[in-house]
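Here the structure comes first, spelled out in structure tokens, and everything after it is commentary.
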Amino acid sequence: MTPAIRVEHLTRRFGAFTAVRDVSFHVEKGEIFGYLGANGAGKSTTIRMLCGLLAPSEGDAVVAGHRVSREPEAIKWRIGYMSQKFSLYRDLGARENLEFYGGAYGLGGRRLRRRIAEVVELTDLAEVRDVPTGELPGGIRQRVALANAILHEPEIVFLDEPTAGVDPVSRRAFWRLIRHMAEAGTTVFVTTHYMDEAEYCARIGLMVAGRLAALDTPAALKRRHAPGTTWHVEAPAILRHLAALRRLPGVVEATAFGRGAHVRVAEGAPTGEAELRAALAAAGVPPTLVEPVAPTLEDVFLAVASADEQAAGTAAAWEDPA
Amino acid sequence: MRRLLVQLRAVVVKEARQTVRDRRMLFMLLVAPVFQLVMLGYAVNLDVDHVPTVVVDQDRTPTSREHLRGLLADGTLEETARADGVAEANRLLDAGEASVAVVIPRGFTRDLARGEPAPVQVLLDGSDPNRSNIAGAAASQYFQGAALDVVRGRLERLSAAMGRRVSFGTIDARPRIFYNPRLDSAIFMVPGVAVLVLILATTVVTAMGIAREREVGTLEQVLVTPISPGVLMAGKALPFVAVGLIDVTTALTVSAWVFDLPIRGSLAFLGVATLFYLMTTLGVGLFISTVSETQQQAFMGGVFFILPAILLSGIFTPISSMPAWMRALTWLNPVRYYIEILRAVLLKAAGPADLALQTGALFAYGLAIIGLASLRFRKRLR
């Protein structure tokens, strides 16, 4: 089966700055492919190149059977795109936006009316379809943008940070829609910086400073990049004592996580719960909680990013979504 | 083809919806032009009359008073001050309280009676050349006529004394004025003002349209659709063609009513010419918007086009009195063609046959500039 997207050595420079550097991967048909990375890591630039919005500086990609370098317009008929910033007309209602974009994709008459009814139903917009989108709350607005992206039944949908700034309940509902679309055979290429959302993806590409630092299924990524045991530790002012934890034998990583910290210890190292408790007690902050946890994609991301940082000597700004 | 029409219709409907919803924009497009037309129509009045005049009558005789009355009779010059001497008259000219001074020196009547040359002095403030020209001409015309009367009177007295008729022939040139017999400058200027108002409403608004979409980010979503630049441009222009036609219709109606503008030619032909003209002004707007990153740049670009287009159009200054190289430039100016068409159709009832060149040029320019805008419009970001 030919992949839905095949990316070959894709590079994009803006002046002296290289936003995307020599990225290669492919996405299977009907797959949910997650693209993870900090702000400015090159996620949006990649998506824009795959949608035919930006010309690659080097390399190429085949999207829905067409090369982005040579036939960007042919690609546009077959993909849907939801940009990071809400970019539908705020002075028009959802229905009016859908009528315009449907028309732009050549849909008219009865077929357009039928498709609008379908996507309005799917994304649960019936009650607000005539309210100017500028007056809608963020979560609903994102659903309008999604409805718009899938209106013309594209083979591939590109969703750039579709849930940024959306409340958790809406986010969950949104991901139900995404899974629903993938089950129906649509290929979904989605970027996010919510690690919990990334778990929903079949495969994940991790972008660090313009390069694809890792690519695999979530489970395989955790096995490879977060081996050993991960401990969740909570103690007063723990952030000031991470250095003490890092000095323990076999500790690969000690980073802030939620209200406490995650400490990852290499396989077979002599550091366990007792050693962690002792180290913190010695530092004057006896821990309130020490327990082993399954590594999350955030652990993976931090491991990959710090390894990359050491390798490349560059720092990617990690911005908390909150 | 069907697909193109579907796309075009979608753009037109969307633009129309957005425009209709934007109250301020509607006001700018439909109401403001009428106000501007009426105000500018009154302001841009080239008729010169009531020129403030200081009168210095040092002769103080019934004859001198009679001549001053005659000079002021037609209203071109209006006595606003009286002075005793030339020095005081000069001061009033310097102070700007008068633009003309008429000095009748002492001995004027005596010299006339003796049959000697009787000098009269007319001083003009030349800072407004057009005005002083007309004021000077009015004064010369009156005193030439008066001089002729003096000669005629003397001849009559001579005839009576000699007992036979002595006469002399003069050249009698009487211009007859066609199309605008009262030389009402409003009738000439108002079509020009209508053109001016139309270009403001169409070029700047379209220029800012795409730039605004680029600025607020909605353009990105449009660029990812397979819509072609030509369809997008045409769709963005069409609603404003309707706006322009409405504007011209109201402008003509209001002008006919307020300024007695005659409408002598074919309105249908005028409609077609207006359509072609709108293609050029809207096309220029679209072109500007494809080269502008921000609304501010687009606005400046619009002004950058409009100013020379107006100045080189023959609306305010006759093209025939421009230097040769500038006259050549006016052939590139769509506004020039449209104002020629408008004036000729309204005042002279000219038809398509008389204005084939102008109409053809507008059509060609319109197609060219919209085509250029479509070519220039990139569907890629930078």
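Other chains near B:2-11: what is the mean number of their Cβ atoms within 10 Å of each residue's Cβ?
On the way: counts 2, 5, 1, 3, 10, 7, 1, 4, 11, 3.
The per-residue average across the peptide is 5.
Along each of the three principal axes of the Cα atoms of chain B, give the extent in whole Å, ordering the values from largest to smallest.
Reported extents, whole Å, longest axis first: 100, 46, 39.
Taking θ = phi - 60°, what integer Hz values does the Karplus form 6.51 cos²θ - 1.76 cosθ + 1.60 yield along the range B:319-335, in sequence order, with x for Gly and Pro?
Computed from phi, the couplings for the range B:319-335 are 4, 5, 9, 7, x, 3, 5, 6, 4, 4, 4, 5, 5, 8, 9, x, 4 Hz.
Counting only other chains, what is the mean number of Cβ atoms within 10 angstrom of the Cβ of each residue in peptide B:225-231?
Working: counts 13, 13, 7, 1, 0, 0, 1.
Taking all residues of B:225-231 together, the mean is 5.
Taking θ as phi - 60°, what are the ³J(HN,Hα) couplings along the range B:256-270 by the Karplus curve (6.51, -1.76, 1.60), each to the nearest whole Hz, with x for Gly and Pro?
5, 7, 7, 10, 6, 5, x, 10, 9, x, 7, 5, 4, 5, 4
With angles folded into 0 to 90 degrees, how steeply does helix B:32-43 sit against the dominant principal axis of chain B? Use alpha carbons for both and round to 10.
20 degrees
What is the Cα centroid distance between the range A:188-230 and the range A:152-180, reported in whole angstrom?
A separation of 18 Å, based on Cα centres.
If you line up the long axis of helix B:356-376 against the longest principal axis of chain B, both from Cα atoms, how many degrees apart are they, to the nearest 10?
40 degrees
Using helices alone, I'd like the mean residue ellipticity at 222 nm for chain A: each DSSP H run of four-plus residues gives -39500 (n - 2.57), total over residue count, nearest 500. Mind dumping the intermediate values first?
Working: 11 runs with 110 residues, N = 322.
For chain A, the value works out to -10000 deg cm²/dmol.
Give me the distance between the Cα centres of the range B:188-239 and the range A:238-303, rounded to whole Å.
Centre-to-centre (Cα) distance: 61 Å.
As a check on your grasp of the helix formula, calculate [θ] at 222 nm for chain B: sum -39500 (n - 2.57) over DSSP H runs of n ≥ 4, divide by the residue count, round to the nearest 500.
Per the formula, -22000 deg cm²/dmol.
Simple spin-label model, 7 Å along Cα-to-Cβ: B:Phe316 to A:Arg111 in nm?
5.5 nm
Can you tell me the relative contact order of the range B:51-162? Whole percent, Cα pairs under 8 Å, sequence separation 6 or more. Spell out each step's value before the answer.
Values: 143 pairs, mean separation 31.9, N = 112.
For the range B:51-162, the relative contact order is 29 percent.
With a cut-off of 19 Å, note down the residues of the range B:102-117 whose backbone N falls inside the zone around a label point 7 Å from the Cα of B:Glu88 toward its beta carbon.
B:102-108
Cβ under 12 Å from B:Ser64's Cβ, B:Ser64 left aside: what net charge do those residues give with Lys, Arg +1 and Asp, Glu -1? Working shown, then result.
Values: positive: B:Arg60, B:Arg65, B:Arg69, B:Arg106, B:Arg110; negative: B:Asp57, B:Asp59, B:Glu66, B:Asp111.
Neighbourhood net charge equals +1.
Rounded to the nearest Å, what's the spacing between the alpha carbon centres of the range A:19-68 and the range B:1-77? Just the number, please.
Taking the Cα centre of each part, the range A:19-68 and the range B:1-77 sit 58 Å apart.
Rounding to the nearest 10 and keeping the result within 0 to 90°, find how far the Cα-based axis of helix A:94-104 lies from the longest principal axis of chain A.
70 degrees
Other chains near A:104-117: what is the mean number of their Cβ atoms within 10 Å of each residue's Cβ? Write down the numbers at each step before the final one.
Numbers: counts 14, 7, 10, 4, 7, 1, 0, 1, 2, 0, 0, 0, 0, 0.
Mean shielding count: 3.
Starting from the 7 Å offset along Cα-to-Cβ, what nm value, one decimal, do you get for the label separation of B:Leu372 and A:Ala55?
Output for this residue pair reads 2.2 nm.
Which entries in A:Lys76/A:Lys222; A:Lys29/B:Lys236; A:Lys76/B:Lys14; A:Lys85/B:Lys236 show an alpha-carbon gap greater than 32 Å?
Working: A:Lys76/A:Lys222 35 Å; A:Lys29/B:Lys236 37 Å; A:Lys76/B:Lys14 20 Å; A:Lys85/B:Lys236 24 Å.
From the list (A:Lys76/A:Lys222; A:Lys29/B:Lys236; A:Lys76/B:Lys14; A:Lys85/B:Lys236), the Cα-Cα distance tops 32 Å for A:Lys76/A:Lys222; A:Lys29/B:Lys236.
Regarding the protein assembly as shown, what whole-number volume in Å³ per residue does the convex hull of its Cα atoms give? Walk me through the numbers on the way to the answer.
Details: hull volume 171.6 nm³, N = 704.
Taking only Cα atoms, the protein assembly as shown has a hull volume of 244 Å³ per residue.
With labels modelled as points extended 7 Å from the Cα through the Cβ direction, what inter-label distance (nm, one decimal) is found for A:Trp77 paired with A:Glu135?
For the pair A:Trp77/A:Glu135, the computed spacing is 3.9 nm.
Here, each number is a calculation from the coordinates, and none is a lab measurement. Everything numeric here is computed off the predicted structure, so don't read it as measured data. In this analysis, Cβ positions are derived from the backbone assuming ideal geometry, glycine residues included, and neighbour counts consider all displayed protein chains.
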